Amino acid sequence: MEHLVRSCYKKNGGYVFAKKAVDIAREYGIDRIARLASNENPEPLSLSAQEAAEQALRNVNRYPDERVNILMNALRTCYGDYQFVSGVGMDGVIETVIRTLVDPGEPVAISTPTFSFYSLAATGQGAEIITVPRETDFSVDVKKMIRAASKAKIVVVCSPNNPTGNATPVDLVAELLEGIEGILFLDNAYVEFSDYNYLPLMKKYENLILGRTFSKVHSLAGLRIGYAFVPRWLVPWYQRASTPFTVNSVSAAAAAAALPDKEHAQRYIAQVRIWRKRFITEVKYPVLPSDANFVMINTAPRKSDEMVEELARHGVVVRSCRSFAGLADHYIRVSIGEGWENERFLQVINTL
Ligand SMILES: *Cc1c(COP(=O)(O)O)cnc(C)c1O
């Protein structure tokens, strides 16, 4: 019956998970695995988020609030007078934004190498993908992007970029916003770990979306909740394109309570800032400068997959960057984890 499946799903391999490396570590009998492959906050969720989730769990016989007001109010308290939408992870937001704006055959432009889900989501909805490669230092050439993408419905730039770690300066983002006809989706999944502030652009531009997630700094990856700063005109259309009751009540309550717990976020951010520097100075391979909670490492002449396997045998799970289209096959991406995980990584990588 598989002939019934759409060809777009048969052509590409889908999202790449880091599962295999975990299996390898287990095969080698390691039970305490350093998990540095998925850019999660290694600390458990904030206690107030946990309590809010437990409270919300008592009422799950009822459908959630379709407006997700508990989260919308928390976001306004935290950031001020902006418009927001939410979804099942930022991935859910990305998918809904594409569904809201892109008709089959219309172009979506993506600055690469980057997070693979943009092109998976766009392809899945029949968009035509325009790939715009970054420069050799992984910066975005805005003029080139404008030339290639001025007609695209959506232009996607990730800043700080996954997996390269570098951010795009605010003035360049403004230049891009001026030069395109469509919407810029700026993925800010890692912005909390950087010194960049793109919020002033929201006040000035009608064609900007800032995607955010609770999966990284807020320790809620398992609850699948994300949001975005959006222009006001988009809100009712986004809601029309969404599935009804998209965000579950437990995740919404946890996220709303996690947001004001600045201490929880700050502990990890401080840890990230210390370890990014240590990785740069102490790893024997070149480590690219990073504005995120991970670093990309150039392991040439060793191949990405080979490095990931060797690290896994020593109980350290990192991400091979081979699956990021447009990137040479000698890069790995390593998240900043707990102290012992980072130490173990340093110890092992320097023997390889
Ligand atoms: C992790 C990540 C996301 C979103 O994750 P969700 O868990 O779906 O919120 C989005 N973009 C990038 C670049 C990421 O790395």
Q) Share of Cα-Cα pairs in segment 19-85 beyond 13 Å, in percent? A) 77
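Report the net charge of residues surrounding Asp91, where surrounding means a beta-carbon distance below 15 angstrom and charges are Lys +1, Arg +1, Asp -1, Glu -1.
Computed value for this residue: +1.
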Q: Express the relative contact order of the chain as a whole percentage, based on alpha carbon pairs under 8 Å and six or more residues apart in sequence.
A: 27
Q | Above-threshold pairs, the threshold being 29 Å between Cα atoms, out of Lys20/Lys151; Lys151/Lys262; Lys11/Lys151; Lys143/Lys204 | A | Lys20/Lys151; Lys151/Lys262
Q) Of Gly179, Leu71, Met145, which is farthest along the charge dipole of segment 47-258 in the positive direction, counting Lys and Arg as +1 and Asp and Glu as -1 at C-beta? A) Leu71
Q: On the protein heavy atoms, probe 1.4 angstrom, tell me the percent of accessible surface of the chain carried by carbon and sulfur.
A: 53
**Q.** Alpha-carbon Rg with Dmax, taken over segment 109-248, Å
**A.** 14.7, 43
Q) What residue among Pro260, Met307, Val295 has its Cα farthest toward the positive end of the dipole of segment 184-328, where the charges are +1 on Lys, Arg and -1 on Asp, Glu, each on the Cβ? A) Pro260
Q. In terms of modelled amide H atoms, which long-range or inter-chain residues lie less than 5 Å from the amide H of Thr213?
A. Tyr227
Q) With all protein chains present and a 1.4 Å probe, how do Cys158, Cys78 order by accessible area, largest first? A) Cys78, Cys158
(Q) Let me check against my output: what whole-number percent is the relative contact order of segment 143-267, with C-alpha pairs under 8 Å and at least 6 apart? (A) 19
Q.
How large is the Rg to Rh ratio of segment 48-189 when both quantities use alpha carbon positions and Rh follows Kirkwood?
A. 1.04
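Rounded to the nearest 20 Debye, what is the dipole magnitude of the chain about its Cα centre when Lys and Arg each give +1 and Asp and Glu each give -1 at the C-beta?
220
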Q: Taking the dipole about the Cα centre of the chain, with the C-beta of Lys and Arg at +1 and of Asp and Glu at -1, give me whichever of Cys8, His218, Leu101 is farthest to the positive side.
A: Cys8
**Q.** Computed helical MRE - 222 nm, the chain, DSSP H runs ≥ 4 contributing -39500 (n - 2.57), nearest 500
**A.** -11500 deg cm²/dmol
Q) For the chain, taking Cα atoms only, what is the radius of gyration to one decimal and the Dmax to the nearest whole Å? A) 20.1, 57
Q: Treating cross-link reach as a plain straight distance, find the aspartates and glutamates whose alpha-carbon is under 17 Å from the alpha-carbon of Lys303, omitting any fewer than eight places away in the same chain.
A: Asp329
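What dipole magnitude, in Debye to the nearest 20, does segment 1-130 give about its Cα centre under +1 on Lys/Arg Cβ and -1 on Asp/Glu Cβ? Spell out each step's value before the answer.
Working: 13 positive and 16 negative charges, 52 e Å.
Around 260 debye, computed over segment 1-130.
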Q: Could you work out the relative contact order of segment 222-331, using alpha carbon pairs under 8 angstrom and six or more residues apart, expressed as a whole percent?
A: 15
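The values are calculated or read from the model by the stated rules, or taken from the named source; none is laboratory data. Computed from a predicted structure; not experimentally measured. Neighbour counts are summed over all protein chains in view; Cβ atoms, including those assigned to glycine, are modelled from backbone coordinates with ideal geometry. Side chains are part of the model used for accessible areas, which takes the heavy atoms of the whole protein and leaves out ligands, DNA and RNA. Shrake-Rupley method; radii C 1.70, N 1.55, O 1.52, S 1.80 Å.
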